[in-house]
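Step one of this worksheet: look at the structure below.
The values are calculated or read from the model by the stated rules, or taken from the named source; none is laboratory data. Quantities reported herein were computed from a predicted structural model and do not represent experimental measurements. Virtual Cβ from ideal backbone geometry, glycine too; neighbours counted across all protein chains shown. Just so you know, the surface numbers come from the protein's heavy atoms only, side chains and all, with ligands and any DNA or RNA stripped out. Shrake-Rupley method; radii C 1.70, N 1.55, O 1.52, S 1.80 Å.
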Amino acid sequence: MKITMITVGKIKEKYFTMAIEEYAKRLQTYCRLEIIQVADERTPDKSSDHENQLIKEKEAERILRFIKEDAYVITLEIQGKQLSSEQLANKIQDLGVQGNSHICFIIGGSLGLHVSVCQRADFALSFSEMTFPHQLMRVILLEQIYRSFRIIHHQPYHK
């Protein structure tokens, strides 16, 4: 199975980079992982709703360029469906059984995702009603993907 993670912006803190590298290394056993970072747009202080929409639109254009036609797209959205770790594992396993061998997870920038990216999604996933920094969300998502594969393979880790 191939897992692609498309994210907006670069990782600035070394501790996030180290955590991402660790989970990427662990995931090699279970899947082919590709992490794609697209440039983020600078958001001015006190930007208007119109400016925010333009920023999200530019970021969306960059994201959409990297989504493969055969990919099952999962966007991370506050309004998405919340799943337990076991339910996420079941979803990943079911997608593989159904012949979806490429899952693409998308994490937006600080303003979230433009509607065009959300419309391309096959599934909207929420980790919480809370907002997390998008850099931290990468680590959380990779950890949950790793946990999912451990659950799928009946290996200890998930308790």
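Here the spin labels are modelled as points 7 Å beyond Cα on the Cα-Cβ line, and at L27 and V97 they lie 2.3 nm apart. Projecting the Cα atoms of H50, L88, I20 onto the charge dipole of the chain (Cβ charges, centred on the Cα centre) puts I20 farthest toward the positive pole. Applying a threshold of 22 Å to the alpha-carbon distances of K2/K91; K2/K58; K2/K56; K14/K68 flags K2/K58; K2/K56; K14/K68 as lying beyond it. Between the stretch 22-78 and the stretch 114-159, what's the alpha-carbon centroid distance in Å? If you average the Cα positions of each part, the centres end up 13 Å apart. Placing unit charges on the Cβ atoms only, positive for Lys and Arg and negative for Asp and Glu, gives the stretch 44-159 a dipole magnitude near 340 debye about its Cα centre.
Which FRET efficiency value, to the nearest 0.05, is calculated for E57 and H154 with the Förster distance at 35 angstrom and r the Cβ-Cβ distance? E(calc), rounded to 0.05, equals 0.20. Helix 85-97 and the long axis of the chain differ in direction by around 80°, with both axes built from C-alpha atoms.
The residues of the chain expose on average 57 square angstrom of accessible surface per residue, using a 1.4 Å probe on protein heavy atoms.
Counting only alpha carbon atoms, the long axis of helix 14-27 and the longest principal axis of the chain meet at about 40°. S101 contributes about 70 Å² of solvent-accessible surface, heavy atoms of the protein only, 1.4 Å probe. Figure note: H154, H50 ranked by solvent-accessible area, largest first, 1.4 Å probe, ligands and nucleic acids not counted: H154, H50. Working note: 222 nm ellipticity from helices only, DSSP H runs with n ≥ 4, each -39,500 (n - 2.57), summed and divided by the residues of the chain, gives -14000 deg cm²/dmol to the nearest 500.
Placing a label point 7 Å from the Cα of N90 along the Cα-to-Cβ direction, the residues of the stretch 124-158 with a backbone N closer than 16 Å are 148-149, 151-154.
Provide L64, L88 ordered by accessible surface of protein heavy atoms (probe 1.4 Å), highest first. Mind dumping the intermediate values first?
Numbers: L64 60, L88 10 Å².
Ranked list, largest accessible area first: L64, L88.
Solvent exposure of I92, expressed as accessible area, is near 0 Å², computed with a probe of 1.4 Å over the protein chains only. Taking other residues whose beta carbon is less than 12 angstrom from the beta carbon of E57, and scoring Lys, Arg as +1 and Asp, Glu as -1, yields -1. The DSSP beta bridges internal to the chain are antiparallel in roughly 5% of cases. The loop-placed GluC sites (Glu not before Pro) in the stretch 35-139, going by DSSP, that have at most 11 neighbouring Cβ atoms within 10 Å of their Cβ come out as E69, E129.
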